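In what follows, a single structure is set out as structure tokens and then discussed.
The values are calculated or read from the model by the stated rules, or taken from the named source; none is laboratory data. Nothing here was measured: the structure is a model prediction, and the numbers come from that model. As a convention, Cβ positions derive from the backbone with ideal geometry for all residues, glycine included, and neighbour counts pool all protein chains shown. Areas reflect the complete protein model, heavy atoms only, side chains present, ligands, DNA and RNA absent. Shrake-Rupley method; radii C 1.70, N 1.55, O 1.52, S 1.80 Å.
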Protein chains: 2
Amino acid sequence: MITLKDIAKEAGVSVMTVSRVVNMRYSEVSEENIEKINSIINRLGYVPNSSARSLSSKSSKIISIIIQGENNVLETPYNATMLGYIVQHVQECGFNAMVHFINEYSDVTKHLQSWNAEGAIFLGTFDKNILQIQENNKIPLVFTDSYSSVRQLINIGIDDYKGGVLAARHFIENGHREFAFVTLHTSVSQLIQQRLRGFKDTIENAGLSLSEEHILEPFQMEETIQRLTTLKKPVTAIFAAADNTAIELMDQLKKKGYRIPEDFSIIGFDNLPMSRYVSPQLTTISQDIMKKAHYAIDILFQHLNDPALPTQNIILDVELIKRESVLDRNTFAK
Amino acid sequence: MITLKDIAKEAGVSVMTVSRVVNMRYSEVSEENIEKINSIINRLGYVPNSSARSLSSKSSKIISIIIQGENNVLETPYNATMLGYIVQHVQECGFNAMVHFINEYSDVTKHLQSWNAEGAIFLGTFDKNILQIQENNKIPLVFTDSYSSVRQLINIGIDDYKGGVLAARHFIENGHREFAFVTLHTSVSQLIQQRLRGFKDTIENAGLSLSEEHILEPFQMEETIQRLTTLKKPVTAIFAAADNTAIELMDQLKKKGYRIPEDFSIIGFDNLPMSRYVSPQLTTISQDIMKKAHYAIDILFQHLNDPALPTQNIILDVELIKRESVLDRNTFAK
DNA sequence: CTGAAAGCGCTTACAG
DNA sequence: CTGAAAGCGCTTACAG
């Protein structure tokens, strides 16, 4: 391993002069030395030791990306896409991305402090522990999709409630009167609750109803199907809390011989690329994942540069993408 | 920040004794001190500083995961899934995962050396630079899907050639006689070439042929469609080098009014979860991504524990998954 | 079983 | 413009 000392000896100067050149503090070094030292650095392939730098300067250049969950969290396309944009952007800013999949709150602080991360971005639900995490880690912490009531909170979210509203409205406009809401058991978070609330409120404001037994969050998709197809009041319109769920639901309903959208109309959430390729193409609520990722990083760096900046909770808009999975019952034979 | 020194002072011992406890070298410390020190560590929430540890012990506990590409590399489900399994497994082994998206060879060494990574796993094509990378980084380096001729190489690959063979054989058995091969322009790698070769060889061994103009790797999917539908000898069987490509191809063909599999039969590669949900369900060549990821990590740690271990090139099997996107022309009206 | 000393590779803060 | 000294938080290697 080549060190500052090696370069210094070769150049006949002190390590400080080399350090200045490495850190491009050119105004503090003679042109002659800058040139000489840079050429030696290139010839020897010197790479600064980040650990040493981090230890002495208290600046690690590490951004931690903390994702809730442990198993296959990147099989969820939403997480994979977010992570992809974030890592890319972090690199472009000259920082390093360290990725942690985490279930237990205490691990968060451990990882952050262990590497002296300068900031962190959270994907998933950490609401219950946000205060403690903030308490223990005095660095910029950017949460996503949080519904925590903590006042001082940097968060990038989307208008989940409006997503539910848009879905309900679209169903109602198309003549649907009996609704269901489907989510995975594992994803019972505020985020999902908001989508449900927007959906339910809109239905009720229209003088219709979404009863408890039409809200399905069982362990197995099979159980969902079973219940969905045997409800006392048959349902025609299903709002799934995520495209993933919608697509699997659609697949299994089709396998049982049901037609989409004739027997069941479905709306998803996320507008994943995949939703365009299934058949029928999935009508869904879209969120701009790239924008969300970029905002997250940009705000993180703003706070890195100015710790006095007030926190901000940014809510991005959502949009209904009409495709083929919702039947218009107004024109359809009654 | 709490340091060893703080704990030592509180316990009335030297930092060495605390260090021994932190590193669980319990046989070297009195039971009384172990207990006292551990309770102080818990009370104060001490977290060891990994940079300091890395600097003094030359052991960083960092595994770098290097993914070729810069833009949206995790939008490719294969990459996302591999990365997910790898990060999870790395964590379970008590190491930290640092993720780098990289285009230029020189960045590899820079990142590896900068953080003193103890090992690295590569996703994507680095064949041209493997020798240089190995030369500059004397740590265990695990490549995936490499076709490099470097003899000393740790690699986990799959039998791409066989994948091509299986696809061709399936088409031929189902009465197809005119074939095409489709890949994205960006993915012209040995990996893809092997899939093509297996496909082409099998076709030719059956006394049929795959001419140059039936091998399509244009920039835009639209151009592919255009050429595919205007070939002098009309094609009925298309082998796409990846499920991604197959699914997009299928989508666009359907939009133009072609029927799958009646007008065009299609086979993909990877067996992504998505391939089950499209309509018709995609017949594809499957590879076991989880197994691949686990092998990669396991071999990495074996070499970490015993640097003298010989390198190994592990090739996993592939399998044809028959679904609905291939028409049996033997029974179909001729 | 315990600890004092030296050092990992760098930067900060200061003196000149 | 340059450099000697001290220190970041830990571990290694040694002495007792």
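Exactly one residue out of A:245, A:236, A:229 is touching a strand residue (DSSP E or B) at 6+ places or on another chain (Cβ under 8 Å), open to solvent by 20 Å² or more (accessible area, probe 1.4 Å) and of a type outside the set (Phe, Trp, Tyr): that is A:236.
Would you mention how many residues in the range A:1-21 are over 17 Å from residue A:49 (Cα atoms) and either within 11 Å of DNA strand C (Cβ to nearest atom) or of a type outside the set (Val, Ile, Thr) (or both)? Let's see the steps before the verdict.
From the range A:1-21, those over 17 Å from residue A:49 (Cα atoms) are A:9-14; that's our starting set.
With the extra rule that they be either within 11 Å of DNA strand C (Cβ to nearest atom) or of a type outside the set (Val, Ile, Thr) (or both), the set shrinks to A:9-12, A:14.
Total satisfying the criteria: 5.
Only one of the numbered conditions (1) in contact (Cβ under 8 Å) with a residue 60 or more places away in the chain; (2) more than 18 Å from residue A:101 (Cβ to Cβ); (3) within 12 Å of chain A (Cβ to nearest Cβ) is violated by residue B:110, and that is (1). One residue stands out in the range B:45-66 among those that are near DNA strand D (Cβ under 9 Å from one of its atoms) and of a type outside the set (S, T, N, Q): the one that is nearest to residue A:60 (Cα to Cα), namely B:52. So in the range A:319-334, with the set limited to residues that are assigned to a loop (DSSP other than H, G, I, E, B) and touching a Leu at 6+ places or on another chain (Cβ under 7 Å), which one is least open to solvent (accessible area, probe 1.4 Å)? Filtering first and then ranking leaves A:325. Checking each residue in the range B:168-195 for being in a helix (DSSP H, G or I) and of a type in the set (D, E, K, R) picks out B:169, B:173, B:195. Considered as a group, the residues in the range B:54-69 that are aliphatic (A, V, I, L, M) and in contact (Cβ under 8 Å) with a residue 40 or more places away in the chain include one that is nearest to DNA strand C (Cβ to nearest atom), and that residue is B:62.
Residues of the range A:31-38 include none that is more than 12 Å from DNA strand D (Cβ to nearest atom), open to solvent by 50 Å² or more (accessible area, probe 1.4 Å) and over 24 Å from residue B:135 (Cα atoms).
Residue A:42: away from DNA strand D (no atom under 11 Å from the Cβ) and either surrounded by fewer than 21 Cβ atoms within 10 Å (Cβ to Cβ) or not acidic (Asp, Glu) (or both), yes or no? Considered against the rule, which asks whether it is away from DNA strand D (no atom under 11 Å from the Cβ) and either surrounded by fewer than 21 Cβ atoms within 10 Å (Cβ to Cβ) or not acidic (Asp, Glu) (or both), residue A:42 comes out as yes. Given the criteria under 39 Å from the mean Cα position of the chain (by Cα), closer than 24 Å to residue B:52 by Cβ, within 11 Å of DNA strand C (Cβ to nearest atom) and loosely packed, with under 12 Cβ neighbours inside 10 Å, does residue A:24 qualify? Considered against the rule, which asks whether it is under 39 Å from the mean Cα position of the chain (by Cα), closer than 24 Å to residue B:52 by Cβ, within 11 Å of DNA strand C (Cβ to nearest atom) and loosely packed, with under 12 Cβ neighbours inside 10 Å, residue A:24 comes out as no.
Could you please let me know if residue A:26 is aromatic (Phe, Trp, Tyr) and either at pLDDT 95 or above or within 16 Å of DNA strand D (Cβ to nearest atom) (or both)? Taking the combined requirement at face value, the residue satisfies it.
When residue A:36 is tested against (1) on the phi < 0 side of the Ramachandran plot; (2) more than 14 Å from chain B (Cβ to nearest Cβ); (3) part of a loop (DSSP other than H, G, I, E, B), just one condition goes unmet, and that condition is (3).
Pairs are defined by a Cβ separation below 7 Å, a sequence spacing of at least 6 or placement on different chains, a first member in the range A:1-20 that is within 14 Å of chain B (Cβ to nearest Cβ), and a second member that is among the aromatic types (Phe, Trp, Tyr) and more than 11 Å from DNA strand D (Cβ to nearest atom); the pairs so defined are A:2/A:46. Of the set (1) more than 9 Å from chain B (Cβ to nearest Cβ); (2) buried (at least 18 other Cβ atoms within 10 Å of the Cβ); (3) among the polar types (S, T, N, Q), all apply to residue A:60 but (1). Being open to solvent by 50 Å² or more (accessible area, probe 1.4 Å), of a type outside the set (A, V, I, L, M), within 15 Å of DNA strand D (Cβ to nearest atom) and over 16 Å from the mean Cα position of the chain (by Cα) is the requirement here; does residue B:9 meet it? Against the criterion (open to solvent by 50 Å² or more (accessible area, probe 1.4 Å), of a type outside the set (A, V, I, L, M), within 15 Å of DNA strand D (Cβ to nearest atom) and over 16 Å from the mean Cα position of the chain (by Cα)), residue B:9 qualifies.
Output the residues belonging to the range A:27-48 that are within 10 Å of DNA strand C (Cβ to nearest atom) and either small (Gly, Ala, Ser) or under 22 Å from residue B:99 (Cα atoms) (or both). Result: A:46, A:47, A:48.
With the structure loaded, tell me whether residue B:51 is assigned to a helix (DSSP H, G or I), open to solvent by 10 Å² or more (accessible area, probe 1.4 Å) and within 16 Å of DNA strand C (Cβ to nearest atom) or whether it fails that test. Don't jump to the end; show me each part of the working.
Details: assigned to a helix (DSSP H, G or I): yes; open to solvent by 10 Å² or more (accessible area, probe 1.4 Å): no; within 16 Å of DNA strand C (Cβ to nearest atom): yes.
Here the answer is no, as residue B:51 does not meet what is asked.
The set of residues in the range B:245-279 being facing another protein chain (nearest Cβ under 9 Å) and under 19 Å from residue B:229 (Cβ atoms) consists of B:247, B:248, B:250, B:251, B:254.
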